[in-house]
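Presented below is the structure to which this report refers.
The values are calculated or read from the model by the stated rules, or taken from the named source; none is laboratory data. Quick caveat, the model's predicted, so the values are computed rather than measured. Here Cβ is always computed from backbone atoms with ideal geometry, including for glycine, and neighbour counts include all displayed protein chains. Side chains included, ligands, DNA and RNA excluded: accessible areas come from the protein's heavy atoms. Shrake-Rupley method; radii C 1.70, N 1.55, O 1.52, S 1.80 Å.
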Amino acid sequence: MMSAGPAVLPIVDYFAPDAEAPHLLALVCDGCGARYLERRNGCGRCGGRSFSRHAVSTTGTVTAYTVVWRSEPGVSVPFVSCLVDLGEGLIVKSNLVGIDPDAVDVTVLGSPVELVARDLGMDSNGTLALAFAFKLCGLGE
């Protein structure tokens, strides 16, 4: 009998870290179709209170970025934090991985990126924490 592997805990509830195809899940208002990533009690557009979950694009475009130099103990700095436009009215904040923070410049703005899963480590109970990030399209992880 094969082991099922460690329990996996995504860092946010709208991240589905499927091994084959990690993706984000939007809450889509059943009344007007507005899309949200974070939990909602009501739709900001129509006031509806009924939502369905739908997978969204795993690619997008960098619309803004910053290089972060200050952090808490145990977090590697510098790193690149960015806003990614996924289309359909969705913009998500994430880290941009696979790029040298010392060499990043304004040419990254408008660049196509793709979603990747990031292993954040395992706790003492054997639960693996996973986050999402984006990398420039065409680059290795």
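Values computed for the structure shown
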| quantity | calculated |
| --- | --- |
| Looking only at segment 112-130, and only at residues there that are farther than 16 Å from GLY98 by Cβ, touching a residue at least 40 places away in the same chain (Cβ under 8 Å) and in a strand (DSSP E or B), the one that is most open to solvent (accessible area, probe 1.4 Å) | MET122 |
| Complete set of residues in segment 7-51 that are touching a Cys at 6+ places or on another chain (Cβ under 6 Å), closer than 21 Å to ASP85 by Cβ and not in a strand (DSSP E or B) | CYS32, ALA34, CYS43, ARG45 |
| All positions within segment 99-140 that are farther than 27 Å from ARG35 by Cβ and in contact with a Lys or Arg (Cβ under 8 Å, 6 or more places away or on another chain) | ILE99 |
| Selection from segment 21-60 of residues that are open to solvent by 60 Å² or more (accessible area, probe 1.4 Å) and either basic (Lys, Arg) or touching a residue at least 24 places away in the same chain (Cβ under 8 Å) (or both) | ARG35, GLU38, ARG39, ARG40, ARG45, ARG49, ARG53, HIS54, ALA55, THR59 |
| When residues of segment 1-17 are limited to those that are surrounded by 11 or more Cβ atoms within 10 Å (Cβ to Cβ) and not hydrophobic (A, V, I, L, M, F, W, C), the one farthest from ASN125 (Cα to Cα) | TYR14 |
